[in-house]
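The values are calculated or read from the model by the stated rules, or taken from the named source; none is laboratory data. Quick caveat: nothing in here was measured; it's all calculated off a predicted structure. All Cβ positions, glycine included, derive from the backbone under ideal geometry; neighbour counts span all protein chains shown. Protein only, heavy atoms only, side chains kept; ligands, DNA and RNA dropped before computing areas. Shrake-Rupley method; radii C 1.70, N 1.55, O 1.52, S 1.80 Å.
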Amino acid sequence: MSTFQGPKGTYDLIPPDSEVFLAVREALAAPLRRAGYGYVETPAFEHTPLFARGVGESTDIVTKEMYTLTTKGGTELALRPEGTAAVLRAALQRNLHRGGLPVKLWYSGSYYRYERPQAGRYRHFSQVGAEALGAEDPYLDAELILLAVEAYRSLGLRDVRLLLNTLGDANCRPAYRAALQEFLRGLDLEAIDPDGDTRRRIEINPLRVLDDKRPAMRALLEGVPLMRDHLCQECKAYHEQVRDLLGAAGVGFEDAPALVRGLDYYTRTTFEFVHDGLGAQSAVGGGGRYDGLSELLGGPSLPSVGWALGVDRTVLALQAEGVTPQPPSPVEVFAVPVGEQARRVLFGVLTELRRAGVAADFAYGGKGLKNAMKSANRSGARLAVVAGERDLADGVAQLKDLDSGEQHPVALDALITTIKEKLQ
Ligand code: AMP
């Protein structure tokens, strides 16, 4: 062990688990790529005020969880705690919204939140995200939800539940917010809010109080006013359409009238994917509509919808269901040379195999036959090419099937073709 350990709340991805992680990340993105979403990549850090404004001054993410720094030149930067604000910033900066709308984008990367680490909750984690910018269309909300469902399904996950709600819009939310605030102000919070956090939240961001998971608070929230009883006609009709479209696609969902998102800019459709095998950190993904965010960032009106799916937690969900995809062995052929001359010849074979698109590896370090065969077996390869001086003198190498143990000589000049045939 070295003197150093990775920082608290982080973990290192190492083989073979890293293969599962990559497979999951790819599976989450694949449906997006087939649906016309273009890849976007933004820096890991942004100007701090982008998140303060875009995520919300009163959110835990901004008040407690951002990694911030001041550069030598005095610029305030923050490691990105989420993707949406940065992607929208980039789209506006590069005028993507001046072309055809909606602009459909996907991304994938590392995010950073100074959270209390626990199973499934890290300070450095990974998301695949999607944003559809510039269209107010329930079909688009439905498309994104269906693409996420498809991603989970393609991984073989069975126990992901979709929770669905609407948060209303600038028309109907203010009156609801006021009704909610009135209810919350009337609660006796003396015992459960000694530091005044909840009372402050009631004044700044009352919807967030609905997110409070403490049993004592849940009991107090009995009978709390719900957005669904305060929706304007437009929001109600919009939500009905989203529900209908999901139903027509055969996708089940649960109405979750108290589901709010931790971020201030969400409007109308809001949803979360949860997995019951994950304990407290059950959300594997979530998203919704954020019609007001562009204007908040100084852009034009650009009603948009998006989601972010947690890669780390999806891996955990697969493990919980016992369907962790067997990582495909990246190596198909392992070369085992015995002696210097064989090393030269088989290194040439290795290079040729790789050029022909076959994943191949080599017993490096001048190992003896026994150790080299151990490496071959450990690599997960299906075939080993073994050659010593006598083989070379005969113009052959031994081709060994590592599953059955069968072995037979193959002429050196037929080796590549034979290997390719066997692998098919
Ligand atoms: P959010 O941006 O908070 O809506 O998060 C979207 C998804 O990212 C969540 O549903 C989680 O799957 C994942 N996620 C968020 N925060 C963390 C974290 N600290 N550690 C691991 N995964 C996270």
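Residues in segment 202-215: is at least one more than 16 Å from the ligand (Cβ to nearest atom), open to solvent by 30 Å² or more (accessible area, probe 1.4 Å) and at pLDDT below 90? Scanning segment 202-215, I find at least one residue that is more than 16 Å from the ligand (Cβ to nearest atom), open to solvent by 30 Å² or more (accessible area, probe 1.4 Å) and at pLDDT below 90, so the answer is yes. Could you tell me which of the residues Ala411, Ala381, Ala397, Ala372 is over 21 Å from Pro330 (Cβ atoms) and surrounded by 14 or more Cβ atoms within 10 Å (Cβ to Cβ)? Of the residues listed, the single one that is over 21 Å from Pro330 (Cβ atoms) and surrounded by 14 or more Cβ atoms within 10 Å (Cβ to Cβ) is Ala397. Residue count for segment 357-369 satisfying the condition of being open to solvent by 40 Å² or more (accessible area, probe 1.4 Å) and under 14 Å from Ile416 (Cα atoms): 1. The residues of segment 12-52 that are within 16 Å of the ligand (Cβ to nearest atom), of a type outside the set (A, V, I, L, M) and surrounded by 13 or more Cβ atoms within 10 Å (Cβ to Cβ), listed by number, are Asp17, Phe21, Arg25, Thr42, Glu46, Phe51. So is Gly285 under 22 Å from Val311 (Cβ atoms) and either assigned by the TED database to the domain that holds Phe51 or more than 9 Å from the ligand (Cβ to nearest atom) (or both) or not? Yes. Considering the conditions (1) more than 13 Å from the ligand (Cβ to nearest atom); (2) acidic (Asp, Glu); (3) outside any loop (DSSP other than H, G, I, E, B), Asp291 is excluded by exactly one of them, (3).
Residues in segment 264-274 that are near the ligand (Cβ under 9 Å from one of its atoms) and either surrounded by fewer than 24 Cβ atoms within 10 Å (Cβ to Cβ) or free of Cβ contacts under 8 Å to residues at least 12 places away in the same chain (or both): Glu272, Val274. Here segment 316-341 is the region considered, the condition is being of a type in the set (D, E, K, R) and in contact (Cβ under 8 Å) with a residue 12 or more places away in the chain, and the residue that is farthest from Glu131 (Cα to Cα) is Glu332. Quick one: Glu182 ticks every box in (1) assigned to a loop (DSSP other than H, G, I, E, B); (2) over 30 Å from Thr324 (Cα atoms) except a single one, so which number is it? In the conditions (1) assigned to a loop (DSSP other than H, G, I, E, B); (2) over 30 Å from Thr324 (Cα atoms), Glu182 misses (1) alone. The listed residues are Gly298, Gly277, and the only one of them that is among the small types (Gly, Ala, Ser), closer than 16 Å to Arg53 by Cβ, open to solvent by 40 Å² or more (accessible area, probe 1.4 Å) and not in a strand (DSSP E or B) turns out to be Gly298.
Of all residues in segment 124-137 being of a type outside the set (Gly, Ala, Ser), more than 9 Å from the ligand (Cβ to nearest atom) and buried (at least 21 other Cβ atoms within 10 Å of the Cβ), which is nearest to the chain's Cα centre (by Cα)?
Result: Val128.
Taking into account only those residues within segment 58-84 that are within 21 Å of Gly292 (Cβ to Cβ) and without any contact (Cβ under 8 Å) to a residue 24 or more places away in the chain, which is least open to solvent (accessible area, probe 1.4 Å)? Looking at the filtered set, the residue picked out is Val62. Of all residues in segment 302-330, those satisfying the criterion of being more than 16 Å from the ligand (Cβ to nearest atom) and at pLDDT 95 or above are Leu302, Pro303. Residues of segment 144-156 include at least one that is more than 17 Å from Arg261 (Cα to Cα), among the polar types (S, T, N, Q) and touching a residue at least 12 places away in the same chain (Cβ under 8 Å). Within segment 116-161, being closer than 22 Å to Leu105 by Cβ and basic (Lys, Arg) holds for no residue.
In segment 370-387, the residues that are assigned by the TED database to the domain that holds Ala359 reach residues that are assigned to a helix (DSSP H, G or I) and surrounded by 23 or more Cβ atoms within 10 Å (Cβ to Cβ) with C-beta atoms within less than 6 angstrom, at least six apart or across chains, in these pairs: Ala384/Ala376; Ala387/Leu346.
Scanning segment 85-103 for residues that are under 23 Å from Val311 (Cβ atoms), open to solvent by 50 Å² or more (accessible area, probe 1.4 Å) and either within 12 Å of the ligand (Cβ to nearest atom) or in a loop (DSSP other than H, G, I, E, B) (or both) turns up nothing. In this structure, does Gly223 turn out to be open to solvent by 40 Å² or more (accessible area, probe 1.4 Å), over 25 Å from His97 (Cα atoms) and part of a loop (DSSP other than H, G, I, E, B)? Spelling it out, Gly223 is indeed open to solvent by 40 Å² or more (accessible area, probe 1.4 Å), over 25 Å from His97 (Cα atoms) and part of a loop (DSSP other than H, G, I, E, B). With respect to the stated conditions, Arg199 fails to be within 27 Å of the chain's Cα centre (by Cα) and either more than 21 Å from Leu296 (Cα to Cα) or assigned to a helix (DSSP H, G or I) (or both).
Within the set Arg313, Arg390, Arg344, Arg354, the sole residue that is touching a residue at least 12 places away in the same chain (Cβ under 8 Å), in a helix (DSSP H, G or I), of a type in the set (D, E, K, R) and at negative phi turns out to be Arg313. Which residue, of Arg158, Arg121, Arg116, is surrounded by fewer than 16 Cβ atoms within 10 Å (Cβ to Cβ), within 30 Å of Gly252 (Cβ to Cβ) and in the same structural domain as Tyr39 (by the TED database)? The match here is Arg158.
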